[in-house]
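S.K.: Here it is, the structure, as structure tokens.
The values are calculated or read from the model by the stated rules, or taken from the named source; none is laboratory data. As the structure is a computational prediction, the values presented were derived from the model and not from experiment. Cβ placement follows ideal geometry from the backbone for every residue including glycine, while neighbour counts extend to all protein chains displayed. Heavy atoms of the whole protein, side chains included, go into the accessibility calculation; ligands, DNA and RNA do not. Shrake-Rupley method; radii C 1.70, N 1.55, O 1.52, S 1.80 Å.
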Amino acid sequence: MFSKILIANRGEIACRVIRTARKLGVKTVAVYSDADARSLHVEMADEAVHIGPSPVGESYLRGDRIIEAARKTGAEAIHPGYGFLSENPDFVDQVVAAGLVFIGPSAASIRAMGLKDAAKRLMEKAGVPVVPGYHGEAQEIVILASKAREIGYPVLIKARAGGGGKGMRRVEHPDDFAEALSGARREAKAAFGDDRVLVEKYVDKPRHIEVQVFGDNFGNAVHLFERDCSAQRRHQKVIEEAPAPGMTPEMRKAMTDAAVTAAKAISYSGAGTIEFIVDASDGLKPDRFWFMEMNTRLQVEHPVTEMITGVDLVEWQLRVAAGEKLPKSQKEITLSGHAFEARIYAEDPAKDFLPAIGTLHHLRFPSVGAGKSSIRVETGVGEGDSISPFYDPMIAKLVVHAPDRPSALSSLGEALKTSEIAGSTTNIGFLAALAQDPDFASGDVDTGLIARKQPALVASPKPDPDIIARALLTASGVGHLAPTGNDPWELISGYGHFHPLWRQASVGFEQQETTAGIRMRPDGRVEIRFDGQEDGVIISGDRQGAVAWPGHVTIFADGAAFDFKVPDPFAKAAESGNGAASMRAPMPGLVKLVRAAKGDAVVKNQPLLILEAMKMEHTITAQHDGVIAEIAAEGAQVTDGTVLVRFEETPAE
Ligand code: ADP
């Protein structure tokens, strides 16, 4: 076994690999960018090396710097995680040339599976079923269009270099072929620098079922059963599970045989996944699945396989890379129970899943499952960490295991409902709704399910008066903070001893602002009198499930997170006074470019800085003439409400 390895990745997967390395007594080296200087994977590793600025092109994709870091620290091997350099055969060549071990397959295996068309031809030769279609060299539109007619509509045009669902177009009718082709080519060119495509049959009621395979350097290859990843949104996996619901012994035998044949055909070593597309229009039939592609690395969803087999796949990766044989034979690998994984993202389902960023002011995950279920949380962040715009906005993977699918699913629902995140919008409500969907629950899932039901799955509940009251209580500080003595509400309330003090508080939910007077009653409960109403409501003074963070209050109730904005009275005061003002970030983002400095006299509407937020650039301009007292720094991460620009008291003439 190695004595020290370097992990060329970040986030949850870096933490995941470090955990297993530690278990095996292997020392770890983390690499990190500027944005990750204080992140969890850096903290967990024995050593850490800074490899560059935050953008991935200047850090996590810099193979040269990563190899240099391994050399400097004396690491013997590099684990690539997933994404980044994990499927880059040139990087593998460089690692090997530097005298290091790449914890993964050979560069030749990666190349063999790197292009969808070549991989399909290879699989066809090996006798693995591939989706009916054309994956030859010809790219002329007349040839492709006539192939499409032969295959039969609907067809799917796919970029041969494709990944992440890019460069893919479904075509219903021959008349639309030309336009779809040019769209797919444009997208493929932009994303992969290669606009060559293949055309295949669009499978009806498709299910995505993949098989985990493992090979060693002695010619052995085994499978570790299947995972079902049919719950997808825009070809991205949302909830994965193992085993596949409705799997029959015949279908499993046919699929896993094909997967092992595929792995052996390229002398595969390490962890890999063979992805199949299945026509489930008539249930699962052994003659209705086809090879789609092979992922030559550890998958994001590998934990569901670990949960049902009890195998630590990262441990196997390290052992095989260190030259050991596969720890188990096929017969020794058994399947037990059912597992789900839900990917928790910082994104806003109600805004068509727009990625979100922010600081995770509050982060709680359940640690124990109900009954016979168990829970595993894979994350690369802790409370107080930020989700930055530089990387994938995944916060955590919530993994559950139970003896059977219904109990695993109810455990997943429960785990989602008791997860609490404040500081960023998340998809937890959407995941919980999907886990409860009757079709999903019955195992009747195809890749179109989420799109068909999206409006219902993303509907977010509105807060009822009780939840608004709890938000007001939290925002007011009543019963929590000592009276400050300069609040007019306290002064007019007279003798606090006999007439408990009233405080005023406002909270905003979406466009709706609510203001109320709040006081603590002698019995410890709280009375809230909404503006313009005679009678108050009385709630307990309990702050359970309520979190205050800068400019906000989040209330957790019934599995939903209600995020209220709390108007900052100081900001209002500053903005109304004598031309002095501060301009605040309207949403969380990254200060990309600053065009003015402290002391500069600026004029109304002059561009001051560019804020990158929600993947778009927003120019922040001066709201009036003035002299700048303070301006955010270039490269700063801001949350919404952060002061970007503060003007001096007296505006310039
Ligand atoms: P990428 O490499 O871009 O992720 P894949 O080839 O893995 O592309 O396909 C991604 C997803 O697209 C699959 O999981 C499946 O949902 C859908 N898909 C792919 N091929 C077909 C097909 N022939 N018919 C129907 N859906 C397909």
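S.K.: Return an integer: the convex hull volume of the alpha-carbon atoms of the chain, in Å³ per residue. Mind showing how you got there, number by number?
M.R.: On the way: hull volume 124.0 nm³, N = 653.
So the per-residue Cα hull volume is 190 Å³.
S.K.: Another question about this same structure. Please sort 418-431, 187-200, 25-38 by packing, taking for each peptide the average over its residues of neighbouring beta carbons within 10 angstrom, highest first.
M.R.: 418-431, 25-38, 187-200
S.K.: Quote the accessible area belonging to H361 in square angstrom, nearest 10, computed with a 1.4 Å probe and with ligands, DNA and RNA left uncounted.
M.R.: Its heavy atoms expose roughly 60 Å² to the probe.
S.K.: Quick one: ranking T261, T296 by accessible area, 1.4 Å probe, largest first, what do you get?
M.R.: T261, T296
S.K.: Under a Cβ-only charge scheme (Lys and Arg +1, Asp and Glu -1), can you give me the dipole magnitude of the chain about the Cα centre, in debye to the nearest 20? Could you put the intermediate results ahead of the total?
M.R.: Values: 72 positive and 87 negative charges, 317 e Å.
Dipole magnitude for the chain comes out near 1520 debye.
S.K.: With every protein chain present, what accessible area does S374 have (1.4 Å probe, heavy atoms only), rounded to the nearest 10 Å²?
M.R.: 50
S.K.: Provide the per residue accessible area, probe 1.4 Å, for the chain, rounded to a whole number of square angstrom. Each step should come with its number before you reach the end.
M.R.: Values: 28110 Å² over 653 residues.
Dividing the accessible area of the chain by its residue count gives 43 Å².
S.K.: Could you compute the net charge surrounding I631? Neighbours are other residues with a C-beta less than 9 Å from the C-beta of I631; K and R count +1, D and E count -1. Working shown, then result.
M.R.: Values: positive: K598, R646; negative: D600, E630.
Summing Lys and Arg as +1 and Asp and Glu as -1 gives 0.
S.K.: Here is a further query. What net charge do the residues around L115 carry, taking every other residue with its C-beta under 12 Å from that of L115, with Lys and Arg at +1 and Asp and Glu at -1?
M.R.: Values: positive: R111, K116, K120, R121, K158, R160, R196; negative: E87, D117, E137, D194, E293.
Summing Lys/Arg as +1 and Asp/Glu as -1 gives +2.
S.K.: Can you give me the long-range amide H partners of V130? Hydrogens built in the peptide plane at 1.01 Å from N, cutoff under 5 Å, separation of 5 or more residues or another chain.
M.R.: Amide H neighbours of V130, under 5 Å, 5+ apart: F291.
S.K.: Leaving out ligands, DNA and RNA, and with a 1.4 Å probe, what % of the accessible surface on the chain is carbon or sulfur? All intermediate terms of the calculation are to be shown ahead of the outcome.
M.R.: Details: 14440 of 28110 Å².
Answer for the chain is 51 percent, counting heavy atoms of protein chains only.
S.K.: Which aspartates and glutamates, on any chain, are close to K598 with Cα under 12 Å apart, when same-chain ones fewer than 8 places away are left out?
M.R.: The qualifying aspartates and glutamates are E630, E648.
S.K.: Rg and Dmax of the range 337-460, Cα atoms, in Å?
M.R.: According to the Cα coordinates of the range 337-460, Rg and Dmax are 14.4, 40 Å.
S.K.: 222 nm [θ] for the chain, helices only, -39500 (n - 2.57) per DSSP H run of 4+, per residue, to 500?
M.R.: Working: 18 runs with 179 residues, N = 653.
Calculated at 222 nm, the ellipticity per residue is -8000 deg cm²/dmol.
S.K.: At a probe radius of 1.4 Å, what is the per-residue accessible area of M394, in Å² to the nearest 10?
M.R.: Ignoring ligands and nucleic acids, M394 comes out at about 30 Å².
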